[in-house]
Amino acid sequence: MNFPFDVILFDVGGVLLTDGWDHRERAAAVAEFHLDPGPFEAHHLAAVDAWERGLIGRDAYLDAAVFFEPRPFSREDFFAFMLSQSQLLPDGALGIAGELAASNPCMLGTLNNEARETNDYRFAKFGLRRYFKVALSSCYVGLRKPEPAMYRCALDLFGAPPARVLFVDDREENVAAAAGSGMQTIRFESQDALRRALKALDVL
């Protein structure tokens, strides 16, 4: 029997690893560095889109989001704390990705929203390039999920029929947008649930 997909794409934060810099991580930074959460969150939201699209670098983001006023800590200290928030996701899908990479039934890749500096750190820290042959990260392609263009970009690059591409993500809006492009989708909830869904699709 032929393998049902030419490409399987995984989100990273919330599927393989913890989110790198989402609400919980920013709340931890607010507590650690005694930030005023209102201004910090507003400045973050004004700058994060450009950072995740690769339009600005780490220092420009930090200047806009954190160091818009004098701070008693350094950019290096703050960024080190940001990186420390990245961990293996409990009950995550990295083990399943490893199984697929070992059997090599199709192209495996990631499709994620992430700034370049944190993305590169996470791929290196957790050895993700051992599993994935391509990384379609927002900072590399200048697009972000759930923009339809992000999924069209992936389909164009792989040249596979949309129905032969499977996308795994934990966020409903991202899954819905991928389905709208014609991809097959699974919303990630747990390792066991993903394993059952992949078995139903004859992937495992």
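For this structure, a couple of remarks:
- Assessment of region 79-96 against the conditions (farther than 21 Å from A27 by Cα, without any contact (Cβ under 8 Å) to a residue 24 or more places away in the chain and small (G, A, S)) yields no matching residue.
- Hits in region 31-57 (condition: within 22 Å of L111 (Cβ to Cβ), in a helix (DSSP H, G or I) and either at pLDDT below 95 or touching a helix residue (DSSP H, G or I) at 6+ places or on another chain (Cβ under 6 Å) (or both)): W51, E52
- Those residues of region 37-74 which are of a type in the set (V, I, T) and within 14 Å of D22 (Cα to Cα), in sequence order: V48
- Region 59-78, subset farther than 19 Å from E25 by Cα and free of Cβ contacts under 8 Å to residues at least 24 places away in the same chain, residue nearest to the chain's Cα centre (by Cα): A60
- Residues that are assigned to a helix (DSSP H, G or I), exposed (fewer than 14 other Cβ atoms within 10 Å of the Cβ) and not hydrophobic (A, V, I, L, M, F, W, C), drawn from region 58-89: D59, E76, D77, S84
- For G109, the stated conditions do not hold, so it cannot be described as in the same structural domain as N174 (by TED's automatic domain parsing), surrounded by fewer than 17 Cβ atoms within 10 Å (Cβ to Cβ) and closer than 26 Å to F3 by Cβ.
The values are calculated or read from the model by the stated rules, or taken from the named source; none is laboratory data. Since this is a predicted model, take the numbers as computed values, not measurements. Don't worry about glycine lacking a Cβ; one is built from the backbone with ideal geometry, like all the others, and counts go over all protein chains shown.
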